[in-house]
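Each remark here refers to the structure printed beneath this line.
The values are calculated or read from the model by the stated rules, or taken from the named source; none is laboratory data. None of these values were measured; they are calculated from a predicted model. Here Cβ is always computed from backbone atoms with ideal geometry, including for glycine, and neighbour counts include all displayed protein chains.
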Amino acid sequence: MVSDILVQLGQVGTLVIGSIGICVALVNQRRQLNAQRHVDAMQTAAYAFRGTFRSFGWRIRTRPHGRCLTWSVN
């Protein structure tokens, strides 16, 4: 009788510990995915800025020498 109760408590304890482990693993996975999304977004933004600034600089350098970047009023 007592041994049956101990066996059942052991099984329930194993299930509880296993469930806690799964919950911790899911929380850690969510954090890792959020961090990966953040890294990907920063890389995309850096790539976009790099391309924007390169093309802007290229357009300024290729303008004819007679034209100014700013207009002056006489």
Item to complete: Kindly list the number of the only condition in (1) assigned to a helix (DSSP H, G or I); (2) at pLDDT below 60; (3) surrounded by 10 or more Cβ atoms within 10 Å (Cβ to Cβ); (4) not acidic (Asp, Glu) that fails for GLN29.
Response: (2)
Discussion item. Among the residues that make up segment 36-47, is at least one of them loosely packed, with under 10 Cβ neighbours inside 10 Å, basic (Lys, Arg) and at pLDDT below 95?
Written reply: no
Practice prompt. Test PHE56 against the criterion of being of a type in the set (Phe, Trp, Tyr), over 24 Å from the mean Cα position of the chain (by Cα) and modelled with pLDDT under 95, and give yes or no.
Written response: yes
